[in-house]
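Below is one structure, written out as C-alpha cells; the observations come after it.
The values are calculated or read from the model by the stated rules, or taken from the named source; none is laboratory data. Note that the structure is a prediction, hence the values are computed from the model and not measured. Here the Cβ positions follow ideal geometry from the backbone for every residue, glycine too, while neighbour counts run over all protein chains shown.
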Amino acid sequence: MTFELVPLHEVAEFHSGGTPDRNRADYYSGRIPWVTGADLDEDGSILPRYMITDQAISESSTGIAKKGDLLLVTRTSLGKAAVVPSSLICFSQDITAVRTNPEKLDARYLWHYIRSQASYFANRARGATIKGVTRDVVRHLPIPLAPLPEQRLITRILNHVDSLRAKRREAIALLNELSQSIFLDMFGDPVSNPRAWTETKLGDMIVDNPKNGLYKPQKFYGSGYPIVRIDSFYSGKLIDHGKFKRVSVSDKEAEQYFLKEGDILINRVNSLEYLGKSALVEGLSEPTLYESNMMRFSVDRKLADPAFVNTVLQSGHIKGQIASAAKKAVNQASINQSDVKSLSFYLPPLDLQREFVRRNARIHSHKVTMLNALAELDALFASLQHRAFRGELWTEEITPVA
C-alpha cells in the first residue's frame, strides 16, 4: 500500500505569529500563554515562559492558535513542532500555525511526519547566522496522505513506542540523580564543603602536565590507529570502542598520543555548553590515540582515584569554574592547560573515594542496560516511522471500527 503525496497547503491553512512590544511590561502580566521556538520541546511539549494580556493580543500582530493546531518553528530552532493541547496559545513570528482539515489530515499524524522531515527543512533553510525557511517551503511540504483510519493507527503505534522511549530516558535521568545523591550524601555540597575536606587544585595531583591531542588533516583518516574524538565519549565514559575513527600516523608520532588505562580526557575546545566534557579511559582493546580538541592527563593514585576525579569534573561546581575561565569566540570557547590545572575541589580520603567509585559503578551498569534498551527503541521507532509513511506497516486495507 502506498499513499498519495499531496502538498501540505491542499489539506491545511497557515497562520503567522508576532511579538507584543517587549518594552510594555503590562503586556506580559496576563493569563494567555505566548510562545517562541524556545518554548517548544523536542518531544512535542509546549512550555510557555510568558503570559500575555488581551490588550497585548489586540495591539500586536501575535498569532492565535487553537486546540489541535500544529505549531511549527520556521526560524532558529528550525523544524521543532507541537500540537496545541489547550484552547488558546499565542505565538511569535518564528512559528507558523498549521490548521489541518480534520476530514483529511490528523494533526498528530502530521506532527509525527514533520519530525521525520528534518532534512527537508535543513536543505531549504536560508540565513547566515539564523536559519529559517519561507512559508512557501512549508506550504509545499509533500505529505503522504493516508486515509484517516490509517493515519490514526500510525499515530497510535508511533505514540506508543515514543512513550516507551520517554520512560527509558526518565529512568536514565533518575539514575543520574541517584549518583548525584550518593555523592552529596557521602561528601556533602562541593561549594560549602560542610565536612571540611582538604581543598586542592587538580594540578597538585596530576602526574604530568595535561597534553593536547593529535591533529591530522581529514585526508589521513580512514585507516591506522583508532582515535578518540569528541563524539567518542558520553556521561564520563568512552563509548562504542569498535566504532572509533582511524587515523594514519607513524609509530614514532603515535607514541606521544597513546592513551593509558586510567587516563582522563577533557575537552578543551567546544561550545560553552560542552566545554570541559570529560571521560575516564578504560577497557581499550588496542593502542588508541586522541584528537587535538582535548587534553590527556593522569592523577597520582596515592592521592586520588581517577574515576572519582572524573566524576568531580562533571559536577556543576567544576563546570562553573570552566565557564569562568573559558576564552570565548564565535560559536565556541576554549580552555588551556593552566585552566585545567587550576580547577579546585575538595579531596576526601582515598578509601571514601574508592567506595563511591564502587557504588557509582553499579549505577553505571544499570545505566548501560537502560541506554542499550533506549538505543534499540530508537532504532525500532526510526524503522516504524520510515515504513509507516511509505505505507509498509501492513499489506491489507484498514477497516474503520464502527
Of the criteria (1) under 21 Å from Leu145 (Cβ atoms); (2) in contact with a strand residue (DSSP E or B) (Cβ under 8 Å, 6 or more places away or on another chain); (3) outside any loop (DSSP other than H, G, I, E, B), which one His9 fails
(2)
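Could you pull out every one of the strands (runs of 3 or more DSSP E) wholly within region 166-258 that has 1 or more residues that are buried (at least 18 other Cβ atoms within 10 Å of the Cβ) and at pLDDT 90 or above? Lay out the reasoning, then the answer.
Details: elements: 198-201, 221-228, 236-238, 245-247.
Those strands (runs of 3 or more DSSP E) span 221-228, 245-247.
Residue by residue through region 18-50, note down the ones that are more than 20 Å from Ala81 (Cα to Cα) and outside any loop (DSSP other than H, G, I, E, B). Full working, then the answer.
To start, the set of residues in region 18-50 that are more than 20 Å from Ala81 (Cα to Cα) comprises 20-31.
Within region 18-50, Ala25, Asp26, Tyr27, Tyr28 meet the criteria.
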Surrounded by 15 or more Cβ atoms within 10 Å (Cβ to Cβ), closer than 24 Å to Thr2 by Cβ, in contact (Cβ under 8 Å) with a residue 40 or more places away in the chain and touching a Leu at 6+ places or on another chain (Cβ under 8 Å) - does that describe any residue in region 118-129?
yes
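Please count how many residues of region 249-271 are of a type outside the set (A, V, I, L, M, F, W, C) and more than 18 Å from Ser285 (Cα to Cα). Don't jump to the end; show me each part of the working.
Of region 249-271, the ones of a type outside the set (A, V, I, L, M, F, W, C) are 250-253, 255-257, 260-263, 267-268, 270-271.
When the remaining residues are screened for being more than 18 Å from Ser285 (Cα to Cα), the result is 250, 252-253, 256, 267-268, 270-271.
The total comes to 8.
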Please name all residue pairs, on different chains or six or more residues apart, with Cβ atoms under 6 Å, provided the first residue is in region 369-389 and is under 20 Å from Thr2 (Cα atoms) and the second residue is among the small types (Gly, Ala, Ser).
Gln385/Ser116
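Taking Val340, is it assigned by TED's automatic domain parsing to the domain that holds Asn212 and either surrounded by 14 or more Cβ atoms within 10 Å (Cβ to Cβ) or in contact (Cβ under 8 Å) with a residue 24 or more places away in the chain (or both)?
Working: assigned by TED's automatic domain parsing to the domain that holds Asn212: yes; either surrounded by 14 or more Cβ atoms within 10 Å (Cβ to Cβ) or in contact (Cβ under 8 Å) with a residue 24 or more places away in the chain (or both): yes.
Yes: the conditions hold for Val340.
Take Arg108 and decide whether it is among the charged types (D, E, K, R), assigned to a helix (DSSP H, G or I) and modelled with pLDDT of 95 or more. Walk me through it before giving the result.
Working: among the charged types (D, E, K, R): yes; assigned to a helix (DSSP H, G or I): yes; modelled with pLDDT of 95 or more: yes.
Yes.
Residues in region 241-285 that are more than 28 Å from the chain's Cα centre (by Cα) and more than 25 Å from Ile318 (Cβ to Cβ): how many?
Going residue by residue through region 241-285, those that are more than 28 Å from the chain's Cα centre (by Cα) are 248-258, 260-261, 285.
Subset that is more than 25 Å from Ile318 (Cβ to Cβ): 248-256, 258, 285.
Residues flagged as more than 28 Å from the chain's Cα centre (by Cα) and more than 25 Å from Ile318 (Cβ to Cβ) within region 241-285 amount to 11.
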What number of residues in region 4-47 are surrounded by fewer than 17 Cβ atoms within 10 Å (Cβ to Cβ) and touching a Pro at 6+ places or on another chain (Cβ under 8 Å)?
5
If Val138 satisfies every condition in (1) within 21 Å of the chain's Cα centre (by Cα); (2) in the same structural domain as Ser92 (by TED's automatic domain parsing); (3) in a helix (DSSP H, G or I) but one, which is the exception?
(1)
Could you tell me how many of the residues in region 83-107 are out of contact with any Gly (no Cβ under 9 Å at 6 or more places or on another chain) and within 19 Å of Leu8 (Cα to Cα)?
6
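Anything in region 259-291 that is assigned to a strand (DSSP E or B) and under 22 Å from Lys201 (Cα atoms)? List them, or say none. Working first, answer last.
The first filter runs over region 259-291 and keeps only residues assigned to a strand (DSSP E or B), leaving 264-267, 269-270, 278-280, 289-291.
Residues satisfying the conditions are Ile264, Leu265, Ile266, Asn267, Val269, Ser278, Ala279, Leu280.
Right, Gly242: closer than 22 Å to Ser365 by Cα, out of contact with any helix residue (DSSP H, G or I) (no Cβ under 6 Å at 6 or more places or on another chain) and small (Gly, Ala, Ser) or not? Don't jump to the end; show me each part of the working.
Numbers: closer than 22 Å to Ser365 by Cα: yes; out of contact with any helix residue (DSSP H, G or I) (no Cβ under 6 Å at 6 or more places or on another chain): yes; small (Gly, Ala, Ser): yes.
Criteria met by Gly242.
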